[in-house]
Structure formats: C-alpha cells, structure tokens
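Quick one: this structure, given as structure tokens, is what I'll be asking you about.
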C-alpha cells in the first residue's frame with residue numbers, strides 16, 4: 001500500500017506530525033524500529049504544563065509522574081543554590097505513556113502505525129523498509145539523534161541514565177551537578193519520578209558515561225537499579241536545512257533539542273506539529289515554498305532562543321571548576337528570586353544569563369546575549 005506521507009520514527013515529533021497530517025485528511029504511515037512506542041525511554045521527561053498544552057495533549061493521570069517544585073544546582077565542591085520552580089509549573093512525564101497517548105491521538109485521526117519496522121533506503125518517492133517497499137510523496141525523518149551521528153559527531157555526547165530506587169531521593173526537587181572534570185561540557189542529574197524513584201544520569205565530552213554514572217551513584221548511598229539506558233544526545237542546535245526535496249526532517253533528527261540541556265519534548269514536539277501542518281498544505285497546493293514554511297515557522301518560534309542557548313553553552317564550555325565556583329559565589333537571593341518569578345522553563349535564556357552575571361530585564365538580557373553571539377561568529 002502507498003501513502004502520501006511516511007514518517008520514520010515514532011517518538012513525540014513523529015507522532016505529532018502524523019496527527020496533524022491525518023487530521024487534514026491525508027494518508028500517513030509511522031514506522032518505528034523498536035518493538036513498542038515510547039520504548040526505550042531516552043529522555044528525562046521534564047517539561048512545563050504550558051508546553052504540553054501547546055502540543056495539544058492533556059496528560060492522563062498515568063502520564064504525569066511527578067510535579068517539580070524546585071531545582072537544586074550543585075558545584076564541584078558541593079556549594080549549592082535552589083531555584084523555586086512552582087511558578088514555572090514543571091512536571092515529569094512517563095514518556096512511554098505520553099508517547100502512547102499521542103500515538104492514540106494520531107491513530108484516532110486516521111494515521112497508521114507499525115512497530116518493528118525500520119527505514120532502509122530512500123530513492124525518490126520509493127521508500128525501502130524492513131516491511132517492504134512503499135511509495136509516498138513526502139518522507140519525514142524523525143529517527144532522532146541517530147540520523148545525525150554520521151553528519152557531525154562533534155555535536156554528540158554520550159549519556160547514561162538509570163532508573164534508580166533510593167531513600168535519599170527528594171520527590172519534588174530536581175538536582176543538577178556541575179563538574180567540568182567529571183562531566184565536561186555537561187552535568188549529572190537527578191530527576192525524581194515518584195517517592196524514592198528517580199531518573200539519574202550523566203553526560204559529558206570524551207567520558208565513559210556508564211563509569212561516570214556508577215561513580216556518581218557510589219557517592220550517594222544505597223540504591224537499586226531497575227533500568228539502564230545509554231543514548232547519544234545532541235547539543236549543537238538545529239541543522240541547516242529541515243527540508244530537502246521531498247524529505248522533511250523533524251525533532252532530534254533536525255537538532256531541535258535544547259543545546260543547553262538536550263531536552264526537547266516541547267521544541268521537538270512543535271517541530272512535528274509545524275511540519276505536519278505545512279506538509280498538509282503542500283499536499284494540497286503542490287507548491288514547494290509551502291513546504292519550506294515549516295522551517296521558517298519553527299525558526300521564528302525558537303531561533304533566537306536557541307542561538308542564545310548556544311552562546312551560553314560556548315561560555316560554559318570555557319569555564320573550569322574554579323570559574324564555576326566563582327559563579328556560585330556570585331549568585332544572590334535577588335537573582336534566584338528574579339529567576340523564579342521571570343524565568344520560563346521552555347525558554348530559559350533569561351535564567352541562564354542571570355546565573356552568568358548578565359544584568360537587566362528579560363529583553364535586555366536577550367539583546368546582550370544575541371549581540372554577544374553575533375560577535376563570536378564574526
């Protein structure tokens with residue numbers, strides 16, 4: 001059977017893209033190489049309530065694992081400060097359940113979904129899969145970071161994340177540990193999902209993530225591991241072209257995850273929605289510029305923020321542990337109060353700039369970072 005659109009990858013971006021295309025009355029197939037939608041659960045699942053709402057999803061009780069009230073940020077020597085996250089309304093999702101919920105939306109709209117089916121080759125309008133050869137007008141690449149590995153290895157870090165049971169986990173507080181010697185260019189994290197249960201992970205440049213995580217856990221106390229996930233993450237921002245002829249790239253495959261944290265439920269999810277809507281428009285008009293509107297729409301929403309995140313990453317990568325300690329010493333109660341009140345989880349340039357010592361309003365901070373970023377590129 002042939003389809004108007006075939007989407008390779010059944011994560012958030014691919015499924016939301018399928019939902020939008022099917023809602024417009026077009027035939028769409030989602031192929032997922034794993035045996036189950038939502039598995040393996042690579043990400044931490046942290047997102048704002050407003051972000052989920054914008055994706056058009058009302059999470060079920062089973063999908064919402066936990067509510068986060070604060071984030072504790074820890075330096076290499078153990079200095080720490082806490083950011084109140086109540087105003088930002090941050091939650092932790094069960095990604096397996098969340099992805100299945102979106103899959104159900106897509107299926108109800110008319111999309112077809114096949115698991116244990118992988119993309120093998122694209123030749124014009126012909127798509128070779130492990131389930132046979134099909135034809136389509138548009139192929140959507142939503143396969144995640146794996147699509148980027150052979151294109152640019154410099155933007156990829158290896159990560160390890162374990163699901164852990166332990167009595168030292170704080171139920172409503174995320175913990176982030178910075179140490180440029182142990183986790184260069186990134187950090188270690190504890191994301192609580194329920195009482196005494198958390199997703200605990202590390203990532204960094206040129207490290208053995210599994211060994212680094214085992215060392216991190218060994219310093220925390222007694223624990224039990226119930227799941228281990230190892231996956232690459234992308235920190236280099238969006239790729240140059242989201243659309244090439246009849247191939248549309250979305251989500252992690254398009255570099256739409258945050259360069260600072262590699263989180264992407266919101267930004268990748270909207271990438272899928274924007275792509276789905278523009279693909280639907282193109283299928284009706286057959287005018288190529290209609291297809292190119294997808295990248296324009298996503299860039300208008302996230303472009304400046306992602307550029308500023310990339311700047312923050314470049315600045316952070318220049319820090320050694322001594323510089324990190326000095327930054328912690330400069331954080332005042334006033335700065336923390338401003339971040340808690342004005343900062344946004346899904347657009348966190350303001351919060352990052354405040355921690356890096358940039359003074360001013362949200363607009364001033366964004367202008368300073370934007371100008372600095374442009375100077376670094378010239």
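Apply 1/(1 + (r/R0)^6) to the Cβ-Cβ distance of residue 112 and residue 60, taking R0 = 22 Å, and write down the FRET efficiency to the nearest 0.05.
0.45
From the helices alone, meaning DSSP H stretches of at least four residues, give me the mean residue ellipticity at 222 nm for the chain, per-run term -39500 (n - 2.57), in deg cm²/dmol to the nearest 500.
-11500 deg cm²/dmol
Which residue fluctuates most in the GNM of the chain (Cα springs below 10 Å): 212, 103, 87?
Comparing 212, 103, 87 in a Gaussian network model of the chain, the most mobile one is 87.
Under a plain spin-label model, where a point goes 7 Å from the Cα along Cα-to-Cβ, how far apart in nm are residue 236 and residue 104?
3.9
For the chain, give the share of DSSP beta bridges that are antiparallel, in percent and rounded to the nearest 5; count only bridges with both residues there.
70
To continue, here is another question. What is the Cα centroid distance between segment 237-291 and segment 67-131, reported in whole angstrom?
Value for the Cα centre distance between the two parts: 16 Å.
Normalised by the residues of the chain, what does the relative contact order come to in percent, with Cα pairs under 8 Å and at least six apart?
20
Okay, next question. Taking the highest mean first, how do the peptides 20-26, 262-268, 320-326 order by number of other beta carbon atoms within 10 angstrom per residue?
Packing order, densest peptide first, comes out as 262-268, 20-26, 320-326.
Suppose each label sits 7 Å from its Cα in the direction of the beta carbon; what would the residue 314-residue 82 distance come out to in nanometres?
With each label point 7 Å from Cα toward Cβ, the separation is 3.6 nm.
Sort the chain into rounded, prolate or oblate with this rule: let a ≥ b ≥ c be the square roots of the eigenvalues of the Cα gyration tensor; rounded if a/c is under 1.5, and if a/c is not under 1.5, prolate when a/b is larger than b/c, oblate otherwise.
Prolate, because a/c is 1.5 or more and a/b exceeds b/c.
In nanometres, what is the gap between the two model label sites at residue 300 and residue 225, each 7 Å from Cα along Cα-to-Cβ?
Result: 4.7 nm between the two label points.
Any idea how far the Cα center of segment 326-340 sits from the one of segment 1-16, in Å?
44
Relative contact order, percent, of segment 59-127 when contacts are C-alpha pairs under 8 Å separated by at least 6 residues?
Reported as a whole number, the value is 28 percent.
The numbers here are math on the coordinates, done by the rules we state, and not lab data. Note that this is a predicted model, so its numbers are computed, not measured. As a convention, Cβ positions derive from the backbone with ideal geometry for all residues, glycine included, and neighbour counts pool all protein chains shown.
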